[in-house]
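The structure appears below as structure tokens.
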Amino acid sequence: QLQASGGGLVQAGGSLRLSCVVSGRTVSRLATGWFRQGLGKEREFVASITWFDGTTLYKDSVKGRFTISRDDTKNTVWLQMNSLKPEDTALYYCATTTPWTPVPTMRLQHYDYWGQGTQVTVSS
């Protein structure tokens with residue numbers, strides 16, 4: 001399972017750090033990503049990291065503000081979010097790719113192992 005946490009309410013310009021603990025799947029050849037879904041919107045890719053070499057991908061609108069990282073010893077992925085904006089408000093999910101997916105990838109359909117969401121709310 002994937003256990004996501006760290007969401008909350010923050011003012012614009014503030015920071016939050018999300019964490020995702022992965023268990024029940026060997027991740028060494030996989031990638032873990034963060035997605036988000038705003039109210040009434042489709043789920044969208046935010047960032048991903050490949051476990052074996054740390055390659056990262058980011059949605060253009062979060063580049064320079066968000067940083068994804070991992071700890072192999074703890075099977076944990078973090079998403080450090082700085083300079084948050086109201087448009088970052090969403091339910092954030094972490095997910096892991098299928099064993100047969102070439103990584104890195106930002107395509108939602110390549111991720112089949114999902115955690116519960118954690119709410120991020122940014123007030124203006």
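The values are calculated or read from the model by the stated rules, or taken from the named source; none is laboratory data. All values derive from a computational prediction rather than experimental measurement. Because the Cβ atoms are built from the backbone with ideal geometry, glycine has one as well, and the counts that use them run over all protein chains shown. For accessibility, only protein heavy atoms count, side chains too; no ligands or nucleic acids. Shrake-Rupley method; radii C 1.70, N 1.55, O 1.52, S 1.80 Å.
Scanning the range 80-100 for residues that are open to solvent by less than 30 Å² (accessible area, probe 1.4 Å), under 15 Å from residue 10 (Cα atoms) and of a type in the set (Gly, Ala, Ser) returns a single hit, 90.
The sole residue among 10, 77, 21 that is part of a strand (DSSP E or B), among the aliphatic types (A, V, I, L, M), touching a Lys or Arg at 6+ places or on another chain (Cβ under 6 Å) and surrounded by 14 or more Cβ atoms within 10 Å (Cβ to Cβ) is 77.
Scanning the range 51-74 for residues that are touching a strand residue (DSSP E or B) at 6+ places or on another chain (Cβ under 8 Å), polar (S, T, N, Q) and open to solvent by 60 Å² or more (accessible area, probe 1.4 Å) yields one hit, 67.
How many residues are among the small types (Gly, Ala, Ser) and outside any loop (DSSP other than H, G, I, E, B) when one looks only at the range 26-73?
6
Residues in the range 110-120: is at least one in contact with a Gly (Cβ under 6 Å, 6 or more places away or on another chain), at negative phi and of a type in the set (A, V, I, L, M, F, W, C)? Within the range 110-120, one or more residues are in contact with a Gly (Cβ under 6 Å, 6 or more places away or on another chain), at negative phi and of a type in the set (A, V, I, L, M, F, W, C).
Please verify whether residue 113 is farther than 18 Å from residue 16 by Cα and in a strand (DSSP E or B), treating the condition exactly as stated.
On the way: farther than 18 Å from residue 16 by Cα: yes; in a strand (DSSP E or B): yes.
So residue 113 passes the test.
Only one residue in 107, 29, 43 is open to solvent by 60 Å² or more (accessible area, probe 1.4 Å), in contact with a helix residue (DSSP H, G or I) (Cβ under 8 Å, 6 or more places away or on another chain) and not β-branched (Val, Ile, Thr). Which one? Working first, answer last.
Working: 107 fails: in contact with a helix residue (DSSP H, G or I) (Cβ under 8 Å, 6 or more places away or on another chain); 29 fails: in contact with a helix residue (DSSP H, G or I) (Cβ under 8 Å, 6 or more places away or on another chain).
After ruling out the rest, the residue left standing is 43.
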